[in-house]
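Take a look at the structure set out below.
The values are calculated or read from the model by the stated rules, or taken from the named source; none is laboratory data. The structure displayed is predicted, hence computed values, not measured ones. All Cβ positions, glycine included, derive from the backbone under ideal geometry; neighbour counts span all protein chains shown.
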Protein chains: 2
Amino acid sequence: MSSDGDAPGFELPLRLFLAFRVIIDELHAELADQGHPDLRPMHGFVFQAIGPDGTTAVELGRRLGVSKQAAGKMVESLERIGYVERTADPSDARRKIVRLTARGADSLDRSARIFDRIRDDWVRRLGAGRVRALEHDLRQVTPADMWRLDFPGWFGTP
Amino acid sequence: MSSDGDAPGFELPLRLFLAFRVIIDELHAELADQGHPDLRPMHGFVFQAIGPDGTTAVELGRRLGVSKQAAGKMVESLERIGYVERTADPSDARRKIVRLTARGADSLDRSARIFDRIRDDWVRRLGAGRVRALEHDLRQVTPADMWRLDFPGWFGTP
DNA sequence: CTAAGTTAGACAATGTGGTTGTCCATATAG
DNA sequence: CTATATGGACAACCACATTGTCTAACTTAG
């Protein structure tokens, strides 16, 4: 085995997940402090998938890798807590465009700043070169398009 | 901002998650090929939490950060598909010891080998030093005890 | 222009996995 | 012996995903 003396293979995925979790937990603790206590971890990904121009529920489902029904329900719940709104598409009466509200956009701005701050923390702890190397290496082993996450219901049954 | 010119802060968590996901997807594709098509991503963590000596459902729930009832249901479903078994504890009539069956232990052995192989792939692609540095850096920013994952229901509502 | 096919969205039924609350049997401390 | 704590089972409930079906509206062929 070429891994003799190295960390066991299972440590890598575990540390990757824990590192992800640490960042997301910190993000949401901060967001809660800054007036967004109701946001859940996956909401940030949903907001990113909605994008600045808005989308439809079907397209959102496609981007996130879930059924259109699941996407529709998610939009509904985000609409209830005031983060997105649905408006009619003037050019297609079937479609309803999902857009971020001002509050939704605010949470996205704050998230970006918090993520940058967390990265700065890592730079302080590990060094700028290490963090850049980390990002570089992870880019090598992950798909190019970051937004195809597919993760809702990811731990469920097939 | 000290992040000027660097990757945006949100890339780091995303890449961490994607890297985790890539590994776990590969693991389960391999496991399915090797006769374990019914295993889900979280089962591996459950097996690790059960450990070689077995545990009780309550202790399992504590380790995984879920209620004892949730742990009990998970054990029940794993028992149905033949990966764990429950036996009485001779020294305490209340307790039932949950143990891996031979099939469960087999899946754990295979997982360990597959994880090592995936790590070897990363070594080939990134270099041994980079992978070791990656593991080292991730250890710096994650909790010491790897097994406190707390992740079931992690994306749900509070 | 119409007929056929496709697409967006809503609604219903279902399954899984989590939660809390309750209850009983068994251990353990005083 | 009694009081308390613990392990496990059972029930009700909730969140979130799934598939299937239905309608309305757009698109394309003829």
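With respect to the numbered conditions (1) within 12 Å of DNA strand C (Cβ to nearest atom); (2) more than 14 Å from chain A (Cβ to nearest Cβ); (3) in contact (Cβ under 8 Å) with a residue 12 or more places away in the chain, which one is the sole condition not fulfilled by B:T56?
Every listed condition holds for B:T56 apart from (1).
Scan the range B:86-100 and report the pairs whose first residue is farther than 19 Å from B:K73 by Cα and whose second residue is surrounded by 11 or more Cβ atoms within 10 Å (Cβ to Cβ), with Cβ atoms within less than 7 Å and a gap of 6+ or a chain change.
B:D89/B:R95; B:D89/B:K96; B:D89/B:I97
Among the residues of the range B:82-116, count how many are out of contact with any strand residue (DSSP E or B) (no Cβ under 7 Å at 6 or more places or on another chain) and of a type in the set (K, R).
Summing the residues that are out of contact with any strand residue (DSSP E or B) (no Cβ under 7 Å at 6 or more places or on another chain) and of a type in the set (K, R) in the range B:82-116 gives 4.
Evaluate the range A:80-98: report whether one residue or more is among the aliphatic types (A, V, I, L, M), within 14 Å of chain B (Cβ to nearest Cβ) and within 16 Å of DNA strand C (Cβ to nearest atom).
Among the residues of the range A:80-98, not one is among the aliphatic types (A, V, I, L, M), within 14 Å of chain B (Cβ to nearest Cβ) and within 16 Å of DNA strand C (Cβ to nearest atom), which makes the answer no.
Among the residues of the range B:115-126, is any outside any loop (DSSP other than H, G, I, E, B), within 23 Å of B:L39 (Cβ to Cβ) and within 12 Å of DNA strand D (Cβ to nearest atom)?
Checking the range B:115-126: not a single residue is outside any loop (DSSP other than H, G, I, E, B), within 23 Å of B:L39 (Cβ to Cβ) and within 12 Å of DNA strand D (Cβ to nearest atom).
For the range A:134-158, which residues satisfy the criterion of being outside any loop (DSSP other than H, G, I, E, B) and either facing another protein chain (nearest Cβ under 7 Å) or at pLDDT below 95 (or both)?
Within the range A:134-158, A:L134, A:E135, A:D137, A:L138, A:R139, A:Q140, A:V141 meet the criteria.
Quickly run through the range A:1-33 and pick out the residues that are farther than 18 Å from B:P13 by Cβ and more than 8 Å from every other protein chain (Cβ to nearest Cβ).
Residues satisfying the conditions are A:D4, A:G5, A:D33.
What is the one condition in (1) touching a Leu at 6+ places or on another chain (Cβ under 8 Å); (2) at pLDDT below 95; (3) more than 15 Å from DNA strand C (Cβ to nearest atom) that B:A112 does not satisfy?
Condition (1) is where B:A112 drops out.
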